Amino acid sequence: MSIVDQLQRQHLKQLTPYASARRSMSGGNIWLNANESPYSNSYTVDDSKLNRYPEFQSQPLNQAYAKYAGVESSQVLSSRGSDEGIELLIRAFCEPGQDKVLICPPTYGMYAISAKTFAVGVTEVPLLKSWQLDTESVIDAAAESKVIFLCSPSNPLGNRLDPDDIEQVLQHSPSSIVVVDEAYIEFSSGNSVAGWLRRYPNLVVLRTLSKAFALAGIRCGFLLANDDIIELLQKVLAPYPLPDPTVQIAVQALQTSSLERLQQQVASLLAERDRVQTALEQTPLTLVSESDTNFLLYQCEDAAELVSTLAEKGLLIRNQSAQRGLNNVVRITIGSAAENDELIQQLKDYFS
Ligand code: PMP
């Protein structure tokens, strides 16, 4: 028996790691499989102090994000992407082998994988046919769930959850942490729930610079919560969670001029999304849900074949069929106008 077989934690034997877009597909020249932004914005980095460790939490960064999100800076924790926020919550609140988190599939895969990594159970309360919360069942199951993960707007569906349902869950699950993952909030026509932090001590909001901010490469996310939760999470946070260049770039991305550019880029992406959606109405693809994000989710006959045919031509989209409740479904990120033209042409060719 190998040293790994002998020593690894038992529950990891069954764990299938997250098949991220970058890990599961390589090559290609048009990447529409990770919900990234097609924009590449430039920033300046001062490299004169890279011999020094960065701050544990950068106050200029947390203040800038607090101002952007409309919360207090003491309610902000900056993290290595919002994926780290998910992990911190599970590590801080869930006893391994005992506690459970609650998810509402189809939903973002990392909630369950993070839980399983720490031997924490996962209760599934699927979304209704309308792709909205089964609020009553969530509240019933909340009694046995330490952390409830809601994703709005949703990855992979693209729709947003009814805020009244989210509020019901918050009100009736006072002994659970209710996490609202707002990774795609900048694209949404709905409002953030961050303004509810004053009302609900059990609310946590997850944010990221990886999507609309077009900064997936710097790995910067934010967790918004009341001070006592932030203080707890700081106990389990790494000593130097964010690289100094990341902090420098993130601060610049939150300046007024960058935020104006962000708004323009979001508006262009939403216009492109509508254009792609209209063009794809001419194909046999069926839209699964209205999108409030920078991607579209489609049902097709054979998702694996469609994804691999496009990949052979260098165009990467994501097969979401492994998700509970989704079958032969592909997720397509909105790219630049030229990339979207190529996508539309390839799909027309595929179905012709
Ligand atoms: N939440 C959702 C809903 C996402 O789609 C993603 C990225 N795919 C994340 C969180 C993680 O984002 P990051 O770690 O890049 O901030």
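What's the tally of Lys pairs in the chain whose alpha-carbon atoms lie under 18 angstrom apart, where the two lysines are 8 or more places apart or on different chains? Display every interim value, and only then the final one.
Working: LYS13/LYS116; LYS100/LYS116; LYS100/LYS146; LYS116/LYS146; LYS313/LYS348.
So the count of such lysine pairs works out to 5.
If I build a Gaussian network model for the chain, linking alpha-carbon pairs within less than 10 angstrom, which residue out of GLY221, GLY85, GLY325 has the largest mean-square fluctuation?
GLY325
Near ARG80, within a Cβ-to-Cβ distance under 12 Å, what is the net charge of the other residues, with Lys and Arg +1 and Asp and Glu -1? It would help to have the intermediate numbers written out before the result.
On the way: positive: ARG219; negative: ASP83, GLU84, GLU87.
Residues near ARG80 contribute -2 overall.
Shape call for the chain from the C-alpha gyration tensor, a ≥ b ≥ c root eigenvalues: rounded (a/c under 1.5), prolate (a/b greater than b/c) or oblate? Don't skip to the end; give the middle numbers.
Values: a/c = 1.40, a/b = 1.18, b/c = 1.19.
Here the chain falls in the rounded category.
Per the Kirkwood treatment, what hydrodynamic radius in Å, one decimal, follows for the range 245-352 from the mean inverse distance over all distinct Cα pairs?
15.3 Å
Ratio of the range 59-255's C-alpha Rg to 2.2 N^0.38 Å, to two decimals?
Here the Cα radius of gyration is 0.95 times the empirical estimate.
DSSP H helices in the chain with Cα extent of 24 Å or more along the helix axis and mean Kyte-Doolittle hydropathy at least -0.5? Before the final figure, lay out the partial values.
Values: long enough: 256-280 (36 Å, -0.36).
Those that pass (Cα extent of 24 Å or more, hydropathy at least -0.5) are 256-280.
Laboratory data are not the source of any read-out in this text; all were calculated from the coordinates shown. The shown structure was predicted, so the numbers you read here are calculated from the model rather than taken from an experiment. Cβ: placed from backbone, ideal geometry, glycine included. Neighbour counts: every protein chain shown.
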